[in-house]
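What follows is a short report on a single structure.
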Amino acid sequence: MDPRLNIINKRLENIKRVIAVSGGKGGIGKSQTAAALAQYLSMQNYRVGLLDLDFCGPSSHLILGIDDVFPEEDMGILPPLVGGIHFMSITFFSGGQPAPLRGGEISNAIIEILAITRWGPLDFLIIDMPPGTGDPTLDVIRLMERVEFLLVTTPSRVAQEVMKKELSVLRELHIPVIGVLENMKIKNNSPTEEVLAGLQVPFLGSIDFDEDLEDALGNTDKLLATGFVKQLGQILAHSQMIS
Amino acid sequence: MHEWALAESIIVTIMKEYEKEKLSKVFKVTVKIGELQSIELDIFNFALENMIELYKPPVDLNNICLEIDRCILKCKVCDNHWNYRDTPKKLEEDEKEAIHFIPEVAHTYMRCTQCGSPDFEILQGRGVWIDSIEGEK
């Protein structure tokens, strides 16, 4: 039997809320949203952790410019505190090189990282999820008892269809969904709001496509000044999700 | 020490199984230690001892038997089987350390000894595992 499974929720017991930022499709801004959400919450003086579970394409560290730090060992591993955020990622161990993992191995690595990481007391643990509703999503649902999902999509019909499929899985499994955030809005209308109208899932708001975002990656001060983060902050300030 | 986190998971699991199976006594717990994770046995034993002191499980250290599990890897591409110890490229200390924390990052640092692919499977000897808990009701 796998002893690690019995320790995971003990590792999370001092965390008030666990929010998985997901959305099914790749390239829609999940990592950007997860990093910005962690930054925003930290700026509001919440104790925040950020866990990058995109093992095949970790990018939260690039967005936040996290470099030259490594977890400390103390009866497990302690996520380094960087810019007010306790951060954990496979990149600490793969050293920026690829980790070509199959599904079962991704599950095993997720179990290991959840079993050995000692987060300490947090108000929020934000999880940057990989694309898809495969092993990582099912593992997070299976292993993290109190997880809630925040879904990201774009106005593209392709992204909307994938988001609806993930939503369907989450609803079937009775997993709480905070709401759906529409990213990269270009036109005035918001198809996400229309799609969600009949599904009884909160539409959190839209964020315009931000041409300046790319230039701000890796610099937290520049990120905080982007339209993306400002709009996200306005949406969060007016939503019920942080309480 | 990463061994402490794994030792804690062993003790917590023994206690859960003791309650779940309504055991009155635990005779022996066999724990497999996968070669790939390079667990330091002295540290692991010391950690188990301390966790037993902390949690007071229905077992003492003498009843926990640690067995090294040889690490066998199998290439998904060419079907080659090989032992972790036989990997010709010697791993750097920081690479071993990374695999110690997350054994799956072996796919970052190791390749099939025959065809050079990173697409291999860890058939056995990955990490820490409870093989059996023997007791009576």
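For the range B:109-137 versus the range B:1-80, the spacing of their alpha-carbon centroids is 15 Å. When peptides A:152-162, A:210-220 are ranked by their average number of other Cβ atoms within 10 Å per residue, the highest-first order is A:152-162, A:210-220. The ratio of the alpha-carbon radius of gyration of the range B:2-136 to the globular-protein estimate 2.2 N^0.38 Å is 1.20. DSSP beta bridges confined to the range B:2-136 are antiparallel in about 70 percent of cases. Please report, as a whole percent, how much of the solvent-accessible surface of the range A:76-118 comes from carbon and sulfur atoms (probe radius 1.4 Å). The computed percentage sits at 55. For the segment A:85-97, counting C-beta atoms of other chains within 10 Å of every residue's C-beta and taking the mean gives 3.
Straight-distance candidates among the lysines for linking to B:Lys25, with alpha-carbon spacing under 21 Å and chain neighbours fewer than 8 residues away dropped: B:Lys16, B:Lys56, B:Lys137. The magnitude of the dipole of the protein assembly as shown, with charges of +1 and -1 set on the Cβ of Lys/Arg and Asp/Glu and taken from the Cα centre, is near 1060 debye. Put the Cα centre of the range A:115-176 next to the Cα centre of the range A:91-105 and the gap is 20 Å. Seen from every direction in turn and averaged, the convex hull around the alpha carbons of the range A:79-180 projects onto 7.9 nm².
Summarising the amide proton neighbourhood of A:Gly205: residues at separation of 5 or more, or on other chains, whose placed amide H is nearer than 5 Å comprise A:Glu182. Farthest towards the positive end of the charge dipole of the protein assembly as shown, among the residues B:Trp82, A:Ile242, B:Ile133, is the Cα of A:Ile242, using unit charges on the Cβ of Lys, Arg, Asp and Glu. Angle of helix A:227-238 to the longest C-alpha principal axis of chain A, folded into 0 to 90 degrees and rounded to 10: 90°.
Considering only beta bridges that DSSP places wholly inside the range A:3-238, some 10 percent are antiparallel. Taken residue by residue and averaged, Cβ atoms of other chains lying within 10 Å of the Cβ of B:4-17 number 6. Averaged over the residues of peptide A:70-77, the number of Cβ atoms from other protein chains lying within 10 Å of each residue's Cβ is 5.
Listed as lacking a disulfide-compatible partner in the protein assembly as shown: A:Cys56, B:Cys65, B:Cys71, by the criterion of no other cysteine Cβ under 4.7 Å.
Dipole size of the range B:67-111 about its Cα centre, with +1 on Lys/Arg Cβ and -1 on Asp/Glu Cβ: approximately 280 debye, rounded to the nearest 20. In terms of the mean number of neighbouring beta-carbon atoms within 10 Å, the peptides B:115-125, B:88-98 order highest first as B:115-125, B:88-98. Measuring between alpha carbons in the structure, the pairs from B:Lys22/B:Lys96; B:Lys74/B:Lys96; A:Lys165/A:Lys230 lying more than 31 angstrom apart are B:Lys22/B:Lys96. Taking other residues whose beta carbon is less than 9 angstrom from the beta carbon of B:Glu67, and scoring Lys, Arg as +1 and Asp, Glu as -1, yields -1.
In summary, the convex hull built on the alpha carbon positions of chain A has an orientation-averaged projected area of 12.8 nm².
Expressed as an acute angle from 0 to 90° and rounded to the nearest 10, what is the orientation of the C-alpha long axis of helix A:157-172 relative to the principal long axis of chain A? Result, in degrees: 60.
Taking Cα atoms only, the orientation of helix A:30-43 departs from the longest principal axis of chain A by about 80 degrees. Contact order, relative form, for the range A:34-153: 35 percent (alpha carbon pairs under 8 Å, 6 or more residues apart, mean separation divided by residue count).
Each Lys and Arg Cβ is given +1 and each Asp and Glu Cβ -1; about its Cα centre, chain B then shows a dipole of about 440 debye. Sorting A:His86, B:His100 by solvent-accessible area of protein heavy atoms yields A:His86, B:His100, largest first, with a 1.4 Å probe.
On a per residue basis, the range A:67-182 carries 39 Å² of accessible surface, using protein heavy atoms and a 1.4 Å probe. Once B binds A, the 1.4 Å probe can no longer reach about 2900 Å² of accessible area, counting both sides. Treating the Cα atoms of the range B:9-48 as identical point scatterers in vacuum, please give the log10 of the normalised Debye intensity I(q)/I(0) at q = 0.20, 0.29, 0.33 Å⁻¹, two decimals. So the normalised log intensities work out to -0.73, -1.07, -1.18.
The values are calculated or read from the model by the stated rules, or taken from the named source; none is laboratory data. Everything numeric here is computed off the predicted structure, so don't read it as measured data. In this analysis, Cβ positions are derived from the backbone assuming ideal geometry, glycine residues included, and neighbour counts consider all displayed protein chains. Areas reflect the complete protein model, heavy atoms only, side chains present, ligands, DNA and RNA absent. Shrake-Rupley method; radii C 1.70, N 1.55, O 1.52, S 1.80 Å.
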